[in-house]
Every structure is written in structure tokens, then in C-alpha cells.
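One structure below.
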């Protein structure tokens with residue numbers, strides 16, 4: 001991991017995304033026609049849940065359209081696929097995100113990872129299953145959305161590849177590996193068994209605050225690309241003024257070599273990240289062991305926003321939530337593993353991940369702002 005160049009290109013809006021993409025690819029040499037002809041290329045957008053493009057939760061459909069046209073013109077055999085968090089609402093996800101319409105208009109099939117079959121892997125001490133359409137592709141074109149994240153502080157190229165795990169297997173892995181540092185190693189293990197990939201990050205309009213689903217859209221004005229998703233995310237961290245070691249899946253990676261960042265110089269004045277479990281990955285091991293019962297990140301429910309839809313309870317891998325028809329869910333704090341799955345799927349932003357008082361104090365001690 002590390003060593004691959006990272007390319008940035010300014011992009012003021014999605015109406016100019018096609019031009020910015022072509023310039024980015026021409027300057028970087030990524031996805032050139034000779035490397036694409038007759039190859040099976042799977043395009044993996046971020047389709048977390050059923051939100052509109054303006055809400056900045058999912059990869060923007062116009063960027064997807066530009067990528068599909070580039071791949072088709074080079075003679076690639078193209079498909080689009082993903083496994084949204086709200087798997088039961090795949091049709092709604094495709095409709096609201098605009099991805100379904102783009103796939104139809106461009107004549108590119110959408111492959112649901114549910115029911116497409118899986119392959120099992122044992123890698124670096126982890127056991128997991130990945131969707132066959134992903135592992136059988138010749139190349140993955142990874143299209144993450146740049147967003148803050150309550151578990152990992154940042155979600156971009158690496159975290160988007162977690163979507164290769166189909167359906168509720170994702171929540172099972174969250175339950176098995178709840179600690180952010182361990183989950184980060186799981187993401188690294190998944191990447192090691194995937195086919196080659198090129199990641200193109202949608203940072204035209206990203207999300208800050210209570211991401212990855214209930215934060216605030218923020219205009220960042222860039223596209224960024226690399227053949228190494230870890231190097232790309234590290235470069236995005238530096239652009240957003242996030243300490244890379246605060247992101248669990250980046251901790252300890254690429255430390256010896258500075259990023260080889262090329263293209264346009266992008267400067268972001270501020271980018272708000274949520275209070276979350278990522279702070280556990282940067283505290284000393286002796287401290288987390290000594291104060292384990294005092295260090296937690298749990299959901300807090302806003303009764304005024306909650307619509308009692310039950311999505312949070314269905315998404316909870318630890319069964320810590322019990323849905324009620326006319327009120328906020330019943331919460332078992334002892335069962336909660338702080339994975340933020342409920343926070344990700346809440347359609348009304350009624351869930352906020354809150355830190356324990358000791359964890360908040362530790363964050364102040366490290367000089368981080370509490371949001």
C-alpha cells in the first residue's frame with residue numbers, strides 16, 4: 001500500500017463533471033483505452049441508502065454517467081453493482097439516487113450483490129464473503145462519495161469497497177469486529193483479495209458533520225483518483241485537514257513515504273467530522289484497557305425526528321434495538337457495540353452517535369474539537 005500517485009482535478013459542479021473527469025484521466029493515464037478493451041469492468045458507486053443526489057449521501061449520477069461513457073467508448077464490458085445498507089429498498093435506492101435512471105439511459109446493467117452468489121475468503125486472520133460479480137471482474141472502478149463517518153471519521157475509497165460484502169453479512173462483520181482498529185484491518189484484508197481497482201472520489205459536493213447519511217452537504221470542488229485506495233484516502237485526509245492516523249483503516253499505513261499528489265492543488269478551509277468511535281483507535285492501549293467500561297460510543301435518539309420506521313432495529317447487528325410503532329426504539333445499551341449501523345440507515349437524521357464523558361475528555365486532551 002502506498003507509492004501510487006494521487007491525482008486531483010478541480011470540478012465546480014456536476015454539470016462540468018464529464019470534462020473534469022476526462023482531464024483527470026488524461027493527465028493520470030488511468031483507465032486508458034488500451035487497458036479497457038474487452039475487459040469486464042464493474043463500477044462500484046456509493047449507494048448507501050435511498051437519498052436524492054442533492055443530499056450528498058450517494059455518488060452523484062452525473063459522475064457515474066461520465067464514467068460509464070468513458071468505459072463504453074474504450075470497448076469495456078461494463079456493469080454497475082452495489083449492496084446498499086437498506087437492502088430491502090434497493091428499488092427505492094436506485095430511483096431516488098438517480099443511478100437506476102443513468103444505468104437505463106446508458107444501457108448498462110445494474111447487478112445487485114444480493115443473490116448473485118459469494119466467494120469465501122480467509123485473509124490475515126479474517127473470514128468473510130464477497131459478492132461474485134466483484135471478485136470475478138477484471139477491474140473495479142470504485143466511485144466513493146467523500147463524507148465524514150461516525151465510526152471511521154472519513155469514508156471514501158477504502159470504505160466504499162466494503163460494499164463488496166453483500167447484504168446483512170456487512171452487519172455480521174460489524175458485530176464480529178466492532179473495534180475501529182480491528183475493523184480497519186478487516187478493510188485492509190478485503191482489499192488484498194479484490195481484483196485491481198481504480199478509485200475516483202466524488203468530492204464535488206461531499207458531506208460533513210454527522211455522516212455518512214445524516215450530515216450536511218458541503219461543496220468541496222474536486223475529483224480525485226488513484227490505483228491505490230489507501231493512498232487516495234490519505235491524500236483526501238490531508239486535503240480536508242484530517243489526521244490520517246485518526247482514521248482506523250489508515251493507521252500505520254504509508255507512514256514512511258509522503259503522498260505523491262499531482263494535478264490541481266485543492267485547499268479546503270474547514271471540514272467538520274462527527275464525534276465517534278475513531279477516537280478509540282488513537283488512545284493508548286493501556287488506557288483503553290484500564291477504562292474499558294467508561295469508553296463507549298452509543299446512539300442517541302431524537303423523539304421529534306423519529307418516525308418509528310424500524311430501519312435502525314433491522315440494521316442493528318447486535319440486536320440492541322427493538323422497534324416500536326409509535327415511539328423511538330427501545331435501546332439495550334449493554335448490547336450496543338457502537339458500530340453506527342443504525343445511524344447510517346436512519347432516514348430522518350434522528351440518531352446521533354454520542355461519546356461517553358471519559359471519551360470526550362480524552363478527545364479534548366488530544367486537542368480534537370468535539371462536535
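Name the residues in segment 184-205 that are assigned to a strand (DSSP E or B) and either surrounded by fewer than 23 Cβ atoms within 10 Å (Cβ to Cβ) or touching a helix residue (DSSP H, G or I) at 6+ places or on another chain (Cβ under 8 Å) (or both), would you?
Correct list: 197, 199, 200, 201, 202, 203, 204, 205.
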Given the condition under 21 Å from residue 236 (Cβ atoms) and crowded, with 18+ Cβ neighbours inside 10 Å, answer yes or no: does some residue in segment 70-78 qualify? no
Which condition does residue 83 not pass, out of (1) modelled with pLDDT of 95 or more; (2) buried (at least 20 other Cβ atoms within 10 Å of the Cβ); (3) under 20 Å from the mean Cα position of the chain (by Cα), if it passes all the others? (1)
Filter result for the condition that a residue is in contact with a helix residue (DSSP H, G or I) (Cβ under 6 Å, 6 or more places away or on another chain) and either surrounded by 24 or more Cβ atoms within 10 Å (Cβ to Cβ) or under 28 Å from residue 221 (Cβ atoms) (or both), over 97, 150, 129: 150
Only one of these is farther than 16 Å from residue 44 by Cα and touching a strand residue (DSSP E or B) at 6+ places or on another chain (Cβ under 8 Å): 194, 220, 161. Name it. 220
Screening 232, 220 for residues that are assigned to a helix (DSSP H, G or I), outside the structural domain of residue 316 (by TED's automatic domain parsing) and either touching a residue at least 40 places away in the same chain (Cβ under 8 Å) or within 20 Å of residue 130 (Cα to Cα) (or both) leaves only 232
Report, by residue number, each residue of segment 328-345 that is at pLDDT below 90 and either in the same structural domain as residue 155 (by TED's automatic domain parsing) or on the phi < 0 side of the Ramachandran plot (or both). 333, 334, 335, 336, 337, 339, 341, 342, 343, 344, 345
Residues 181, 172, 239: which one is within 30 Å of residue 318 (Cβ to Cβ), outside any loop (DSSP other than H, G, I, E, B) and out of contact with any helix residue (DSSP H, G or I) (no Cβ under 6 Å at 6 or more places or on another chain)? 172
Failed item in (1) buried (at least 20 other Cβ atoms within 10 Å of the Cβ); (2) modelled with pLDDT of 95 or more; (3) over 19 Å from the mean Cα position of the chain (by Cα), with residue 297 passing the rest: (2)
Subset of segment 206-219 that is surrounded by 24 or more Cβ atoms within 10 Å (Cβ to Cβ) and in contact with a helix residue (DSSP H, G or I) (Cβ under 8 Å, 6 or more places away or on another chain) - its residue that is farthest from residue 154 (Cα to Cα): 214
Identity of the residue in segment 315-330, under 21 Å from residue 170 (Cβ atoms) and out of contact with any helix residue (DSSP H, G or I) (no Cβ under 8 Å at 6 or more places or on another chain), that ends up surrounded by the fewest Cβ atoms within 10 Å (Cβ to Cβ): 319
Kindly list the number of the only condition in (1) touching a strand residue (DSSP E or B) at 6+ places or on another chain (Cβ under 7 Å); (2) under 24 Å from residue 247 (Cα atoms) that fails for residue 153. (1)
Selection within segment 322-352 - assigned to a loop (DSSP other than H, G, I, E, B) and within 17 Å of residue 305 (Cα to Cα): 325, 326, 346, 347, 348, 349, 350
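The values are calculated or read from the model by the stated rules, or taken from the named source; none is laboratory data. For clarity, every value in this text was computed on a predicted model and none was experimentally measured. FYI the Cβ positions are ideal-geometry reconstructions off the backbone, even for glycines, and counts take in every protein chain you see.
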